[in-house]
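Quick notes on the structure that follows.
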Amino acid sequence: MLRTTIYTCTLLLVWACQSEPTQKASTSPVIQSLATPCQEGGEGRLFTSSNGEVYLSWVEFLNDSTDALRFARLEDGQWGTPQEIAQGADWFVNWADFPALVTYPGNDQKMVAHWLQMRAEGTYDYDVHLSQSQDGGQTWSPSFIPHRDSIAAEHGFVSMLPISEQQVFVTWLDGRNTKGDEHEAPSDDHGHGHGGAMTLRAAVVDPAGALSQEAELDARVCDCCQTSAALTPNGPIVAYRDRSEEEIRDIYIVRQVAGQWQAPTAVHQDNWKIAGCPVNGPVIKAQGNNVAVAWFTAPEGKGEVKIACSTDQGANFSEPIRIDHGLPLGRVGLAFTKDQKLILTWVEQTEEAAEIRLARVSLQGEKEEELVLAEVEASRQSGFPVITMHDDKVYFAYTQVDSLTRVVSGVVEWKNK
């Protein structure tokens with residue numbers, strides 16, 4: 001089993017635009033920690049169901065060779081008793097490619113979870129495994145694989161999106177075409193050789209485990225940047241990092257309209273040319289016709305965090321706004337509030353370490369407030385912070401490393417002064 005050491009990771013809650021924040025006199029943010037039922041582990045993920053239930057999932061490190069995927073539901077403002085989804089000694093556990101849990105719309109008894117499981121002896125030969133529960137997580141079905149290529153190659157960076165009472169959309173990076181030469185792997189060395197290209201693929205799963213609507217969405221994408229998916233009235237929209245023949249790796253979206261996948265298009269032409277994967281994917285969120293995408297780029301060799309918005313379900317995007325302060329590490333997060341505001345998260349490097357910031361911004365780019373939450377290590381392995389919204393509260397989770405590695409969580413709420 002492979003495990004990449006996870007260093008201190010703090011979940012950011014931040015958005016910053018280039019304008020000065022507008023002071024909000026009526027409310028102020030209050031941050032509370034939540035006791036998290038993780039003994040030793042990492043890779044915390046958050047999900048809010050259509051019924052308003054908030055879930056935390058994570059990988060528990062049982063011993064040197066065995067990991068378990070667990071989850072807990074928020075109950076009366078605290079995490080409930082953890083439940084185990086699956087465990088194994090042959091999992092691929094990595095700081096940038098993480099398991100997750102979702103529920104079917106309208107029925108929190110029906111759940112889908114995924115993790116990554118080694119297929120062969122190759123370092124990056126692993127499969128996506130899905131498992132389902134029909135009883136709120138008490139029992140889980142035998143796992144199955146959503147890709148049917150049967151090739152020992154990299155399959156991962158999964159996004160799951162509930163789209164109907166009987167359907168969950170799943171998209172992933174699929175390395176079936178990369179075999180035949182040394183494969184570019186997610187490491188600090190970006191100069192690996194390649195057979196074919198990494199592809200972006202998708203399928204829809206139902207509660208019985210049947211697969212449908214299997215499709216290749218893009219035939220050439222970046223090898224190890226996270227995917228992200230959101231639901232618009234037209235259907236799913238997926239954000240990811242593309243990869244051109246000239247090694248331009250900009251953020252693209254591909255969207256479904258009237259049941260048909262449209263051609264992939266760039267959110268913005270950053271023209272970032274880089275020989276290897278930066279391991280720094282985008283995040284996309286949708287609320288009605290509004291769609292927002294946040295991402296990291298470095299076209300001139302200097303990092304930038306940007307955001308762009310669409311008011312027509314992703315058909316067109318505004319010119320992006322740069323939101324960082326000059327030394328971002330990326331690892332973005334994004335959420336819509338009830339009143340159509342945006343909260344963006346990222347890690348910003350300082351002279352000695354890195355910062356966590358928080359801001360809330362309107363769709364028009366007006367920054368209402370901004371604050372620094374904490375200092376963290378600047379190492380890339382400080383991880384990817386996660387957030388989810390419910391009742392205009394921002395729930396967050398991150399991995400903390402001191403004597404033990406464990407998931408920490410909390411909530412930010414804006415209260416009257």
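The values are calculated or read from the model by the stated rules, or taken from the named source; none is laboratory data. It should be emphasised that the depicted structure is a prediction, and the values quoted were computed from it without experimental measurement. Don't worry about glycine lacking a Cβ; one is built from the backbone with ideal geometry, like all the others, and counts go over all protein chains shown. The protein model used for the area step is the full one, side chains on, heavy atoms only, and it has no ligands, DNA or RNA in it. Shrake-Rupley method; radii C 1.70, N 1.55, O 1.52, S 1.80 Å.
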Inset, instruction - May I ask you to list the residues in segment 72-82 that are closer than 16 Å to ASP108 by Cβ and either in contact with a Cys (Cβ under 8 Å, 6 or more places away or on another chain) or in a strand (DSSP E or B) (or both)? - result: ALA72, ARG73, LEU74, GLU75, TRP79
Legend entry - Residue that is surrounded by the most Cβ atoms within 10 Å (Cβ to Cβ) [pool: residues in segment 202-242 that are among the charged types (D, E, K, R) and closer than 21 Å to TYR104 by Cα]: ASP206
Inset, instruction - Residue by residue through segment 243-266, note down the ones that are open to solvent by 70 Å² or more (accessible area, probe 1.4 Å) and either of a type in the set (Gly, Ala, Ser) or in contact (Cβ under 8 Å) with a residue 60 or more places away in the chain (or both). - result: ALA258, ALA263
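In segment 92-106, is there at least one residue being of a type in the set (A, V, I, L, M, F, W, C) and more than 21 Å from the chain's Cα centre (by Cα)?
Here is the first cut: in segment 92-106, the ones of a type in the set (A, V, I, L, M, F, W, C) are 92-93, 95-96, 98, 100-102.
Subset that is more than 21 Å from the chain's Cα centre (by Cα): none.
No, because not a single residue in segment 92-106 is of a type in the set (A, V, I, L, M, F, W, C) and more than 21 Å from the chain's Cα centre (by Cα).
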Legend entry - Which numbered condition ASP127 misses (of (1) under 18 Å from ALA197 (Cα atoms); (2) open to solvent by 30 Å² or more (accessible area, probe 1.4 Å)): (2)
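Out of all the residues in segment 281-297, which are closer than 16 Å to ILE248 by Cα and either touching a helix residue (DSSP H, G or I) at 6+ places or on another chain (Cβ under 8 Å) or open to solvent by 10 Å² or more (accessible area, probe 1.4 Å) (or both)? Outline the logic, then answer.
Here is the first cut: in segment 281-297, the residues closer than 16 Å to ILE248 by Cα are 281-282, 295-297.
Within segment 281-297, PHE296 is the sole residue that qualifies.
Which members of segment 38-71 meet the condition of being more than 19 Å from VAL93 (Cβ to Cβ) and either open to solvent by less than 70 Å² (accessible area, probe 1.4 Å) or part of a strand (DSSP E or B) (or both)? Before you say what the answer is, go through the steps one by one.
From segment 38-71, those more than 19 Å from VAL93 (Cβ to Cβ) are 47-55; that's our starting set.
Passing the criteria: PHE47, THR48, SER49, GLY52, GLU53, VAL54, TYR55.
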Legend entry - Residues of segment 201-231 satisfying the condition of being within 18 Å of the chain's Cα centre (by Cα) and of a type outside the set (Gly, Ala, Ser): ARG201, VAL221, CYS222, ASP223, CYS224, CYS225, GLN226, THR227, LEU231
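Among the listed residues GLN269, GLN340, identify the single one that is over 29 Å from GLU216 (Cβ atoms) and surrounded by fewer than 17 Cβ atoms within 10 Å (Cβ to Cβ). Talk me through it step by step, then tell me what you get.
Details: GLN269 fails: over 29 Å from GLU216 (Cβ atoms).
Step by step, each of GLN269, GLN340 is checked, and only GLN340 is over 29 Å from GLU216 (Cβ atoms) and surrounded by fewer than 17 Cβ atoms within 10 Å (Cβ to Cβ).
Determine, yes or no, whether ASP174 is buried (at least 23 other Cβ atoms within 10 Å of the Cβ) and either modelled with pLDDT of 95 or more or of a type outside the set (S, T, N, Q) (or both). Don't jump to the end; show me each part of the working.
On the way: buried (at least 23 other Cβ atoms within 10 Å of the Cβ): yes; either modelled with pLDDT of 95 or more or of a type outside the set (S, T, N, Q) (or both): yes.
Criteria met by ASP174.
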Legend entry - Test set (1) surrounded by 21 or more Cβ atoms within 10 Å (Cβ to Cβ); (2) modelled with pLDDT of 85 or more; (3) touching a Lys or Arg at 6+ places or on another chain (Cβ under 7 Å) - ALA16 fails condition number: (2)
Inset, instruction - Inspect segment 333-346 for any residue being more than 21 Å from the chain's Cα centre (by Cα) and either in a strand (DSSP E or B) or of a type in the set (Asp, Glu) (or both) and give the result as yes or no. - result: yes
Inset, instruction - Output the number of residues of segment 360-417 satisfying the condition of being under 17 Å from the mean Cα position of the chain (by Cα) and either among the polar types (S, T, N, Q) or at positive phi (or both). - result: 6
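Residues GLY106, GLY88: which one is open to solvent by 30 Å² or more (accessible area, probe 1.4 Å), farther than 25 Å from VAL332 by Cβ and of a type outside the set (Asp, Glu)?
Working: GLY88 fails: open to solvent by 30 Å² or more (accessible area, probe 1.4 Å).
Result of the check over GLY106, GLY88: GLY106.
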Legend entry - Single condition GLN78 does not satisfy, out of (1) open to solvent by less than 20 Å² (accessible area, probe 1.4 Å); (2) under 17 Å from ARG45 (Cα atoms); (3) polar (S, T, N, Q): (1)
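So if I check each of PHE144, PHE169, PHE157, which one is buried (at least 19 other Cβ atoms within 10 Å of the Cβ) and on the phi < 0 side of the Ramachandran plot?
Working: PHE144 fails: buried (at least 19 other Cβ atoms within 10 Å of the Cβ); PHE157 fails: on the phi < 0 side of the Ramachandran plot.
Being buried (at least 19 other Cβ atoms within 10 Å of the Cβ) and on the phi < 0 side of the Ramachandran plot holds for just one of PHE144, PHE169, PHE157, which is PHE169.
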Inset, instruction - Taking the residues in segment 393-416 that are among the polar types (S, T, N, Q) and in contact (Cβ under 8 Å) with a residue 24 or more places away in the chain as candidates, determine which candidate is most open to solvent (accessible area, probe 1.4 Å). - result: ASN416
Inset, instruction - Name every residue in segment 354-392 that is surrounded by fewer than 18 Cβ atoms within 10 Å (Cβ to Cβ), of a type in the set (D, E, K, R), free of Cβ contacts under 8 Å to residues at least 60 places away in the same chain and part of a strand (DSSP E or B), in order of residue number. - result: GLU375
